[in-house]
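Here the structure is laid out as structure tokens; the discussion comes afterwards.
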Amino acid sequence: MDSGSEYWLAVTVYIVGSCIALWLWRQVVRPLPHPFGGMAWLAVFSLLFAPTVTEGENGQIAPAVIGLLFGLISKNKELILSSLLPILLVLGLGFLVGFLVQRLRMQRV
């Protein structure tokens, strides 16, 4: 196996595992009130799916939460911030889309 196919195998396994984790998390937050359950689901979604680019000569797309964890372990503030910003961007965009969807639903009723 060459390194390209190993990378895509790892990406595929990560995406499938993240989708399973999101489905399970949805089952956990289902009893919560409507906006809080959606916000908790979106927080886990942004942690799992916010992208970043790895450093080095073979930089590739990776989840930002991995860089965040490495930054917390190594106490590297630059790595923490550069990994936290994509997560917050995905979270903010998700909140914006959720707000707009709720406004459209309220206008239709």
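The values are calculated or read from the model by the stated rules, or taken from the named source; none is laboratory data. Please read these numbers as outputs of a predicted model, since none were measured by experiment. Quick reminder, even Gly has a Cβ in these numbers, built from the backbone with ideal geometry, and neighbours come from all protein chains shown.
Some notes on this structure:
- Where a residue in segment 79-94 is over 10 Å from Leu68 (Cα atoms) and its partner, wherever it lies, is assigned to a helix (DSSP H, G or I) and of a type in the set (A, V, I, L, M, F, W, C), with Cβ under 7 Å and at least six apart: Pro86/Ala64; Val90/Phe49; Leu91/Leu42; Leu91/Ala43; Gly94/Leu42; Gly94/Phe45
- Looking only at segment 60-101, and only at residues there that are touching a Gly at 6+ places or on another chain (Cβ under 9 Å) and polar (S, T, N, Q), the one that is farthest from Trp41 (Cα to Cα): Ser82
- Residues that are surrounded by 14 or more Cβ atoms within 10 Å (Cβ to Cβ) and either within 12 Å of the chain's Cα centre (by Cα) or basic (Lys, Arg) (or both) within segment 69-84 comprise Ser83, Leu84, listed in sequence order.
- Residue match in segment 5-15 (condition: modelled with pLDDT under 90, β-branched (Val, Ile, Thr) and under 23 Å from Ile80 (Cα atoms)): yes
- Exclusive hit being outside any helix (DSSP H, G or I) and hydrophobic (A, V, I, L, M, F, W, C), set Ala21, Ala40, Ala10, Ala62: Ala62
- Out of Val65, Val97, Val101, one residue alone is within 22 Å of Val11 (Cβ to Cβ) and either out of contact with any strand residue (DSSP E or B) (no Cβ under 6 Å at 6 or more places or on another chain) or surrounded by 10 or more Cβ atoms within 10 Å (Cβ to Cβ) (or both). It is Val65.
- In this structure, Ala43 does not satisfy being touching a Pro at 6+ places or on another chain (Cβ under 6 Å), surrounded by 13 or more Cβ atoms within 10 Å (Cβ to Cβ) and of a type in the set (A, V, I, L, M, F, W, C).
- Meets criteria (assigned to a helix (DSSP H, G or I), under 21 Å from Ile15 (Cβ atoms), touching a helix residue (DSSP H, G or I) at 6+ places or on another chain (Cβ under 6 Å) and at pLDDT 95 or above) for Val90: yes
- Taken over segment 43-59, the criterion of being in contact (Cβ under 8 Å) with a residue 12 or more places away in the chain, not aromatic (Phe, Trp, Tyr) and not in a loop (DSSP other than H, G, I, E, B) is satisfied by Ala43, Val44, Ser46, Leu47, Leu48, Pro51, Thr52.
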